[in-house]
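Written below as structure tokens is the structure these notes are about.
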Amino acid sequence: MADVKEFERFYTRDGFNKSLNHFNVVLDAIGEIQDYNNLADILNGFLEEDKIAQHQLLPIINSLLVDKFSYSYKAINIKNTITNFDKIAAEVSKWSGIDIVLGYHNPNIGFLVLNTKKKESLATCGELKKYELLTIYAGDFSGSNNKYAESVIQEFIKLLEDKKAKVPQQVLSGKYKVKPTVLKKENKEIKAKKAQDKKTAKNVRAAAASKSAAKHAEPETQQSEMPTTGGGAVKMTPLYAVPVTNELFHNGNVEAWKIIINSYKTSYSGCDVIIFYDGERILDINTLFKWGKVKHGSAIMFAVSGKDIKDVAKLQRYLRQGASSRFEDFLKFPVNVVPKLF
């Protein structure tokens, strides 16, 4: 019996257009894959160009790596937290006879897709956190199961556990080498043409607005002056420690931190500041104000997630001050006014 709800998403123009866009992106990815580019690099490139959203990553991986190219895969819970990826990337980059992609369910910033052969790609997650879900995909673009894929996955798991890995000799040579992702020439030309068309349209609007400014204000003028927010893949910094140097991390320190973090998030609207204490994520910073909970000499950890992360060193400096006896410097600002600290 036919599923009457199967095509419901196509009932509306919005649903149809979103689906069509997704199909086109998958086709573009197939074209890039055929040049032996890692799917993680391709999809993160699409995120940078705002061609896809983060929630499209997992469906694309499943449709291409699992359904189309028959990759082997294994889901595991990481046994230990990993913050340094140099050793993993250095070893896996030698495995040029097979392609490996990681899908990581980051508890703070969502699903990420990572290229195991590039330490900069692995580092975008900040860390691979203990007990979190990680899916390892291994295979090639032949469309059939790679006979070494299962054993390669097991050897990769050894690397994650800081053990020595040894893969078959056949895996050490092939076309799946580390290389920068290069989009096809026609895609670059289309992108350049769109950018030029956008620039031309903006200049035309600006000229029209300038001509009519003496008569009345144009809404388009206001729109053209509004800052735009860049796209890109969501990333996360490593965890940074902030030592508590006040005698006790009390309500004043909490209020100072709230002011600092609010100022940072206001200045960089696409970023979030994630707080950890004693291995636990702090969703409500007010919970840090419990007498005796956060004492002198202890450390509060933080990380920043976002698409365009900036001023982390300054944020850390302010948070250090906020956790010290000099917290009152941040309480001098007027109530309900977000100070511009960044």
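Numbers for the structure displayed
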quantity: Sequence-distant residues sharing a close amide H with Val294 (under 5 Å, placed H); calculated: Phe249
quantity: Of Thr135, Leu43, Ala29, farthest towards positive along the dipole that unit charges on Lys, Arg, Asp, Glu beta carbons give region 28-144; calculated: Thr135
quantity: Region 246-305 shape via C-alpha gyration tensor axes, a/c threshold 1.5; calculated: prolate
quantity: Förster radius 41 Å - calculated FRET efficiency between Asp50 and Glu328, Cβ distance, rounded to 0.05; calculated: 0.45
quantity: Kirkwood-based Rg to Rh ratio, region 1-120, C-alpha trace; calculated: 1.02
quantity: Mean projected area (nm²) of the alpha-carbon convex hull when region 298-339 is viewed from all directions; calculated: 4.0
quantity: Under Karplus coefficients 6.51, -1.76 and 1.60, residue-wise ³J(HN,Hα) of region 254-262 in Hz, glycine/proline x; calculated: 4, 5, 4, 5, 4, 5, 4, 5, 4
quantity: Highest-first arrangement of 270-276, 294-300, 162-168, 138-144, where packing means the average Cβ count within 10 Å; calculated: 270-276, 138-144, 294-300, 162-168
quantity: Full-extension gain in nm, Asp3 to Ile282, via 0.36 nm per residue minus C-alpha separation; calculated: 96.0 nm
quantity: Neighbourhood charge, 9 Å Cβ-Cβ cut-off, centred on Phe342 and excluding it, Lys, Arg +1 and Asp, Glu -1; calculated: +2
quantity: Cβ-Cβ FRET estimate between Lys79 and Lys177, R0 fixed at 22 Å, reported to 0.05; calculated: 0.15
quantity: Protection proxy ranking of 113-119, 9-15 - average other beta-carbon atoms within 10 Å, highest first; calculated: 113-119, 9-15
quantity: Stretch gain in nm, segment Ala299-Arg320, where the contour uses 0.36 nm per residue and the Cα spacing is subtracted; calculated: 6.6 nm
quantity: Residues whose placed amide H lies under 5 Å from that of Lys235, excluding near-sequence neighbours; calculated: Gly306, Lys307
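Quick note: the coordinates plus some simple rules give every number you see, no bench work behind them. None of these values were measured; they are calculated from a predicted model. As a convention, Cβ positions derive from the backbone with ideal geometry for all residues, glycine included, and neighbour counts pool all protein chains shown.
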